[in-house]
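What follows is a short report on a single structure.
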Amino acid sequence: MILPKFTGSREEQARDVAEALVGLFGEAREEAKPSGYVGGRQEAMEALGKFRVGGYAGSRNKLGGGVSRLSFYIRHGVLGIREVAESVRERFGKSFDSVKFWQELGWRQFWRHLYGQLGDGIYVDREVSKVPLGNGAETDLPKEITEGRTGLVCMDETVRELVETGYIHNHARMWFASFVIHFRKLGWKAGERFFYQHLLDGDPASNALSWQWVASTFSHRAYLFNRENIQENGGMEWCARCTAKCPFDATYPELERRHFTK
Ligand SMILES: Cc1cc2nc3c(=O)[nH]c(=O)nc-3n(C[C@H](O)[C@H](O)[C@H](O)COP(=O)(O)OP(=O)(O)OC[C@H]3O[C@@H](n4cnc5c(N)ncnc54)[C@H](O)[C@@H]3O)c2cc1C
């Protein structure tokens, strides 16, 4: 089937794409809502020009912090890593915040180089895990998780935002991955697939190797979080609305005892 050339407003294009998908797959796969993020070189240059690195180091871990949201453009080659790094250097110089930002760009570059070397090896455990993991047999996450019905507002809201917008903050990615792998003992590959399906910046290397980093199959220790960590980094409002018995409300030694002792 030859796809038509999509024209008209973003809403019209989204509707036409959905109809074309019905033609291809026999059913509408997703609700036809255009993403709030707009692609293209001009938009990418505008987003880069608007980004201010001041305060980045101190606020990047907070949900509402001063992150760039440039990952879609970088992922799809609309902006080059060097171009982004140089724009920051030219406009803001070599500050503490600039260096932190370059380090994050460095992670992306590092994952990309590894992908060049490993190919599909990124989908294989790179190291023996440092803590007990589930058997990793699942190919999909349970629907209760992917449909945001766990009752844990922090996780359900993360899923809603991911599915509706195609973007979630780095810390939310880490919390969700840790929840899947360490609290629910599900395999990192099922989580990796779910993210890749929905992230607009979905990138084989950054995604698979970050999931492995959380799992501890590509890092020296597993990534675990607790309720205090969520609250300190902008998730207070989630907790205020949550009526579930919180599995994250404990000290790190206690969580390690619960989840990492055989
Ligand atoms: C489980 C998990 C899955 C992830 N999957 C992806 C993915 O599929 N695609 C993707 O681009 N990033 C992924 N990341 C990394 C990171 O979350 C995003 O790059 C970042 O949140 C994008 O938002 P930003 O552009 O505002 O980042 P900023 O904080 O503004 O960082 C600037 C740029 O640096 C790069 N960067 C920042 N943090 C990281 C990181 N930890 N690893 C690699 N590159 C980084 C990105 O290109 C980003 O655009 C993942 C992280 C985790 C924990």
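The values are calculated or read from the model by the stated rules, or taken from the named source; none is laboratory data. Since this is a predicted model, take the numbers as computed values, not measurements. Ideal geometry is used to build each Cβ from the backbone, glycine not excepted, and the neighbour counts take in all protein chains shown.
Details
- Any hit, the stretch 8-16, residues being under 30 Å from ASN233 (Cα atoms), assigned to a loop (DSSP other than H, G, I, E, B) and modelled with pLDDT of 80 or more: no
For (1) among the charged types (D, E, K, R); (2) in the same structural domain as ARG193 (by TED's automatic domain parsing); (3) at pLDDT below 95; (4) part of a helix (DSSP H, G or I), each residue gets a yes or a no:
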position: GLY58; (1), (2), (3), (4): no, no, no, yes
position: LEU63; (1), (2), (3), (4): no, no, no, no
position: VAL78; (1), (2), (3), (4): no, no, no, no
position: GLU86; (1), (2), (3), (4): yes, no, no, yes
position: VAL99; (1), (2), (3), (4): no, no, no, yes
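- Whichever residue in the stretch 106-139 is within 16 Å of the ligand (Cβ to nearest atom) and among the polar types (S, T, N, Q) and, among such residues, is nearest to the chain's Cα centre (by Cα): GLN109
- Taken together, PHE92, PHE96, PHE72, PHE51 contain a single residue that is among the aromatic types (Phe, Trp, Tyr) and away from the ligand (no atom under 14 Å from the Cβ), which is PHE96.
- Among all positions in the stretch 172-183, there is no residue which is part of a helix (DSSP H, G or I), more than 26 Å from GLY66 (Cβ to Cβ) and either acidic (Asp, Glu) or touching a Lys or Arg at 6+ places or on another chain (Cβ under 6 Å) (or both).
- Pairs where the first residue, in the stretch 196-220, is within 13 Å of ARG126 (Cα to Cα) and the second is among the acidic types (Asp, Glu) and surrounded by 23 or more Cβ atoms within 10 Å (Cβ to Cβ), C-beta under 9 Å, 6+ apart: ALA208/GLU192; SER210/GLU192; TRP211/GLU192; GLN212/GLU192
- Looking across the stretch 167-187, just one residue is aromatic (Phe, Trp, Tyr), under 16 Å from LYS143 (Cα atoms) and either touching a residue at least 24 places away in the same chain (Cβ under 8 Å) or surrounded by fewer than 21 Cβ atoms within 10 Å (Cβ to Cβ) (or both), and that is PHE179.
- Residue under evaluation LEU152, criteria (1) more than 11 Å from the ligand (Cβ to nearest atom); (2) over 17 Å from LEU224 (Cα atoms), criterion not met: (2)
- Criterion violated by ARG41 - all others in (1) crowded, with 17+ Cβ neighbours inside 10 Å; (2) away from the ligand (no atom under 11 Å from the Cβ); (3) charged (D, E, K, R) satisfied: (1)
- Residue list for the stretch 85-103, filter: under 20 Å from the mean Cα position of the chain (by Cα) and buried (at least 16 other Cβ atoms within 10 Å of the Cβ): PHE101, TRP102
- Residue in the stretch 153-170 that is closer than 15 Å to ALA208 by Cα and in the same structural domain as TYR223 (by TED's automatic domain parsing) present: yes
- In the stretch 195-232, residue surrounded by the most Cβ atoms within 10 Å (Cβ to Cβ) [restricted to those that are away from the ligand (no atom under 13 Å from the Cβ) and part of a helix (DSSP H, G or I)]: ILE230
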